[in-house]
Amino acid sequence: MKLTKYLMLGVAGFLFTSCNSDEYNTAGDVTVEMEYATLTVKENRGIVNAPLVLKGKTNGPVVVTVDVTEVSSSPAQENVHYLLTSNTVVFPNDSAQVGIEFSLVNDMEINEDRAFIIQIVKAEGAKIGTQNTTEVTIRDDDGLFYEALQGEWTMNEMNWFDESPESFKLAITGVDEGEDGYEKTLYISGWSGFTGANLLTVTAEYYYDMASNEITIELPYDQMIGTYGGQYEIYLYGVSPDGYLMDEGALVGTVSSDLRTIEFYPDDTIILYAWTGSSWAGGLDAYYEMKMTR
């Protein structure tokens, strides 16, 4: 599998600057440890931090170097299953916690949970404490279809207004396990390519039929999905064959067995309609022949 390495910039808690040896903490009784002996994260989590803690009062920075190793059974491999941002981190003076950052690779394959070990191998300006390792378990999410659907997608569609092909990026997110809506509700964001203050998010209903092993998602009509330009409320509606707005029903998509395509009935048309004050302002965008891919 070909991997793409991501450049991580502006990460809070990390100072990728070098220190001269005479700039390190010189106060005694300062130790550094991994905060947790074990850490479990889901494969689709994205960027994760394994926290380190510093104990004792410092008078300068502490620089910590870690190493990563595979466990003997079901190992997680660096640059295959996760990408380490850096193996060196700095505790600024008076800072008690930083993190080892790594990003997870969501491989879209059903597999056993994988694990690796982060170990502190060097500390400049502090002693290494007894809790010097964290075993990280990466939980596979691909057996849970609800979680496996989450991530980045591309919407390919025909613009209803000028009948031209278009595409834009969408992101599917869900509800955390244990909370109301888990395996029931999904959120699809980024409609028409809008981001930031104009981000448009559709709430979708998730259904899994165990008998047929089929997944469908439904996007109910007559829901407010965001605002535009600071003055318009945007609603999702269907469009009937004769061009009328439909506020009842839903757009229904069928998910492919490999979880890489969501297809909608080609003739189904939706419109993002704007409302301002007490009057309708008109259609912001409308599509048909919709298909989501990744």
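The values are calculated or read from the model by the stated rules, or taken from the named source; none is laboratory data. Just so we're clear, the structure is a prediction, and the values are computed from it rather than from any experiment. Heads up, the Cβs are rebuilt from the backbone with ideal geometry, glycines too, and the neighbour counts pull from every protein chain shown. Accessible surface is based on the protein model in full, side chains and every heavy atom, while ligands, DNA and RNA are left aside. Shrake-Rupley method; radii C 1.70, N 1.55, O 1.52, S 1.80 Å.
For region 202-294, how big is Rg over Rh, using alpha carbon atoms and the Kirkwood form of Rh?
On the way: Rg = 14.7 Å, Rh = 14.3 Å.
Here Rg/Rh amounts to 1.03.
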Quick one: grab Rg to one decimal and Dmax as a whole number for region 46-145, Cα atoms only, in Å. 15.3, 51
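Taking Rh as the Kirkwood radius, which is the inverse of the mean 1/r over Cα pairs, what is the Rg/Rh value for the chain? All intermediate terms of the calculation are to be shown ahead of the outcome.
Numbers: Rg = 24.3 Å, Rh = 22.2 Å.
Expressed as Rg/Rh, it is 1.10.
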Under the classification rounded if a/c is under 1.5, otherwise prolate if a/b is larger than b/c and oblate if not, where does region 187-244 fall, given a ≥ b ≥ c as square roots of the Cα gyration tensor eigenvalues? oblate
Could you work out how far the C-alpha centroid of region 95-150 sits from that of region 230-294, in angstrom? 39 Å
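For Arg114, Arg260, give the ranking by accessible area with the largest first, probe 1.4 Å.
On the way: Arg114 45, Arg260 90 Å².
Listed by decreasing accessible area, they come as Arg260, Arg114.
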Under the 0.36 nm per residue contour assumption, what length would be gained going from the current alpha-carbon distance of Ser103 and Met210 to full extension? 35.3 nm
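Any idea of the accessible area per residue across region 62-219, 1.4 Å probe, to the nearest Å²?
Values: 7490 Å² over 158 residues.
On a per-residue basis, 47 Å².
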Treat each spin label as a single point 7 Å out from the Cα along the C-beta direction, and report the Phe145 to Asp29 distance in nm. 6.0 nm
